[in-house]
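Notes follow once the structure below has been shown.
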Amino acid sequence: MPSIFTRIVRGEIPCHKVAEDGHFLAFLDINPRREGHTLVIPKVEVDKFFDLPTDVLAGIMPFAQEVAKKIQAVVPCDRVGVCVIGLEVPHAHVHLIPIDRMSDMDFSRQKLKFSQDELAAIAARIREA
């Protein structure tokens with residue numbers, strides 16, 4: 001069965017898209033740690049990050065770098081943190097999270113809630129950066 005992320009890539013499930021090319025997709029996390037929390041995924045479905053084909057693994061970080069620059073341009077933060085956890089969805093992905101302190105990357109903290117309109121506005125600001 002395809003992962004939820006594969007279904008997003010196929011357009012079966014909507015997302016708040018931030019960036020896309022032929023190999024990767026970036027979209028807002030619907031359960032963000034901070035405003036602008038973005039997921040970067042390869043379009044190929046591979047469960048574990050380090051099981052990605054070498055060319056995909058080599059390409060995901062430059063793609064994520066461009067997305068992170070856009071996030072930092074529109075979301076007030078000291079930097080954009082990056083992490084790979086991979087337990088939530090069986091599809092390799094990178095979290096890009098605007099941060100000011102270490103605790104901003106704490107996944108045990110309560111998630112933020114944004115309306116669909118708020119998420120759409122955040123995604124638009126990042127896309128346009």
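No value in this document is a laboratory result; all are computed from the given coordinates. Being a predicted model, the structure only gives us computed values, none of them experimental. Glycine also receives a Cβ, built like all others from the backbone with ideal geometry; neighbour counts cover every protein chain displayed.
In segment 1-70, which GluC sites (Glu not before Pro) fall in coil by DSSP and have 16 or fewer other Cβ atoms within 10 Å?
Glu12, Glu45
Rounded to the nearest 20 Debye, what is the dipole magnitude of segment 26-129 about its Cα centre when Lys and Arg each give +1 and Asp and Glu each give -1 at the C-beta? Don't jump to the answer; show the numbers that get you there.
Numbers: 13 positive and 15 negative charges, 46 e Å.
With only Lys, Arg, Asp and Glu charged at Cβ, the dipole is about 220 debye.
Mind grabbing the base-10 log of I(q)/I(0) for segment 79-129 at q = 0.13, 0.17, 0.25 Å⁻¹? Debye formula, identical points on the C-alpha positions, no solvent, two decimal places.
-0.41, -0.72, -1.19
Assign one of three labels to the chain, namely rounded, prolate or oblate, based on the Cα gyration tensor with a ≥ b ≥ c the square roots of its eigenvalues; rounded applies when a/c is under 1.5, prolate when it is not and a/b is larger than b/c, and oblate otherwise.
rounded
Could you give the longest part of the chain that holds none of the trypsin sites (Lys or Arg not before Pro) found in DSSP loops with at most 14 neighbouring Cβ atoms within 10 Å?
49-100
Please report the spacing between the Cα centers of segment 1-74 and segment 107-129 in Å, no decimals.
First find each Cα centre; the distance between them is then 15 Å.
Once a ≥ b ≥ c are taken as the square roots of the eigenvalues of the Cα gyration tensor of segment 49-116, is the result rounded (a/c under 1.5), prolate (a/b larger than b/c) or oblate (a/b not larger than b/c)?
It is oblate, given that a/c is not under 1.5 and a/b is not larger than b/c.
Check which residues have an amide H placed less than 5 Å from Leu25's amide H, if you skip close sequence neighbours.
Here the answer is Ile41, Lys43, since their amide H atoms fall under 5 Å of that of Leu25.
For a Förster distance of 22 Å, can you work out the FRET efficiency between the beta-carbons of Asp100 and Ala129, rounded to the nearest 0.05? Write out the running numbers ahead of the final one.
Details: r = 19 Å, r/R0 = 0.86.
It comes out at approximately 0.70.
Can you tell me how segment 1-75 classifies by the Cα gyration tensor, rounded, prolate or oblate, using a/c under 1.5 as the rounded cut?
Taking the square roots of the gyration eigenvalues as a ≥ b ≥ c, segment 1-75 is oblate.
Once the dipole of the chain is set up with Lys and Arg at +1 and Asp and Glu at -1 on Cβ about the Cα centre, which of Pro98, Ser115, Gly36 lies farthest towards its positive end?
Highest projection toward the positive end goes to Ser115.
For the chain, what number of Lys pairs, 8 or more residues apart or on separate chains, have alpha-carbon atoms under 20 Å from each other?
The result is 5.
Under the definition of Cα pairs under 8 Å and six or more residues apart, what whole-number percent is the relative contact order of the chain?
Across the chain, relative contact order equals 31 percent.
Going by alpha carbons, how many degrees (0 to 90, nearest 10) lie between the helix axis of 54-74 and the longest principal axis of the chain?
The angle comes out at about 20 degrees.
Would you mind computing, in nm to one decimal, how far apart the modelled labels at Lys48 and Glu88 are, each placed 7 Å from Cα along Cα→Cβ?
2.1
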